[in-house]
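For reference, the structure discussed in these notes is given below.
Where a number appears in this text, it was derived from the coordinates with a stated rule and is not lab data. Note that the coordinates shown come from a computational prediction; the quantities given were computed from them, not determined experimentally. Here the Cβ positions follow ideal geometry from the backbone for every residue, glycine too, while neighbour counts run over all protein chains shown.
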Amino acid sequence: MTRLPARRSVLAAALGVSWQQRLLHHHGVPAAWRRRRCSGAGSKAEDSSSPVTPMLKHLMFKIKATGPITVAEYMREALTNPVKVFNQLGSLLNKCDISIHLVEVSPKLSEIQALTLTGEKIQSELDVTSPVYMKGISKAGIPIFWYRELQDVPQGTSFYLAHEFFDALPIHKFQRTEQGWREVLIDIDPKAPDKLRFVLAPSATPATEYFIQGKEARDHVEVCPDAGILIQKLACRIQEDGGAALIADYGHNGNKTDTFRSFRSHELHDVLIAPGTADLTADVDFSYLQTMTQGRVATLGPLKQQEFLKNMGIDVRLQVLLQNSSDTAMHKHLLQGYDMLMNPKKMGDRFNFFALLPHQRLAHSDQKANLQHSKSLSTSVAGFGELVWK
């Protein structure tokens, strides 16, 4: 199972009112762009060593996928596509109240993130008392800050993205026995002093008393207290400041039991062998996250990746790409990618999407008691409702 390198990061993009107001005034093509001269048939040729820009890469991929494009399409892409747009808006964005905040505890992963987002290696801040341990400027000119804790991120209207974050948080494991619930512990194997083994606590632990719900029907339960605390902080921030949160992760809706596992070199690995050399993970219990919001915000999902992407229009997008391309190899590549994302036996059923929103964001929200239950909602939130073409 392939895992992305920045799997344990939480991103919060803070959007102030001033940015929203400026966006309304600058949604069209700026006059300076319209006046820019381009090389035509009778103009002086550009230097053959011109840099390969992100827009050039985008256009080359587009042409390879769908064939030659018209001059009109070239102009439209070059002037309005977000790949260029953000580079051209660099000077404007520097003056706007928008910034990116990453919560990352791994020094190695923060280095990878910095190289990806800024294109350069960033040195850590020398001031150890500052909550910001690293900062830089993105390729689009947006300030980026790195933190170790969510509470260190400045408050404000924000959009939070947690991608494969919650499944890396530590869990407690519990087993139902004839004597009641017992916590699963890790001990030294008496038959092999250099190995570890799972054992059951001889009596109830404080965690057993606190985390097991009286209505629990499963015989084996995993609880992640850190996830509960974090989701409460996100819920409080969204309730107070607005914004939203999207959580994308491996998980279930309170129906799975033993999901604690380990990966090394993208292969399953015994969780108790060679600790520190493998990636430990446990599926996210989204029903637990929903409960821990305590009704402060509305929740949507979890939705399987297959359903979420279908609601986002992946089927229509695939057909357009296939119809506009006569390249057999490209057809095969597109179909294989679609199958990997949508096939229930691959990623289609394993990945889930879960959202937190202010109550007032949802349409038809007269009855507040039903807002935290996504199945009773009629929403207009992208990805969480059936796609309707108008």
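About the Cα centre, and with charges only on the beta carbon of Lys, Arg (+1) and Asp, Glu (-1), how big is the dipole of the stretch 172-222? Nearest 20 debye, please.
Dipole of the stretch 172-222, to the nearest 20 debye: 100 debye.
Residues in the stretch 280-287 carry Karplus couplings, in order, of 8, 8, 9, 4, 7, 8, 5, 5 Hz; the curve used is 6.51 cos²θ - 1.76 cosθ + 1.60 with θ = phi - 60°, and Gly or Pro positions show x. Each label was represented as a point 7 Å from its Cα along the Cα-to-Cβ direction; for Ala329 and Met60 these points are 1.4 nm apart. Here the simple spin-label model places points 7 Å from the Cα toward Cβ, and for Ala192 and Glu111 these points are separated by 3.3 nm. Listed values for the stretch 139-148 are Karplus-derived 3J(HN,Hα) couplings in whole Hz (6.51 cos²θ - 1.76 cosθ + 1.60, θ = phi - 60°), namely 4, 8, x, 9, x, 10, 10, 10, 10, 9, and x replaces Gly and Pro. In terms of distances greater than 20 angstrom between alpha carbons, the cross-link table entries Lys304/Lys346; Lys173/Lys215; Lys310/Lys346; Lys84/Lys139; Lys173/Lys233 yield Lys173/Lys233.
With neighbour counts taken as other beta-carbon atoms within 10 Å, the residues Met292, Met330, Met340 rank, fewest first, as Met340, Met330, Met292.
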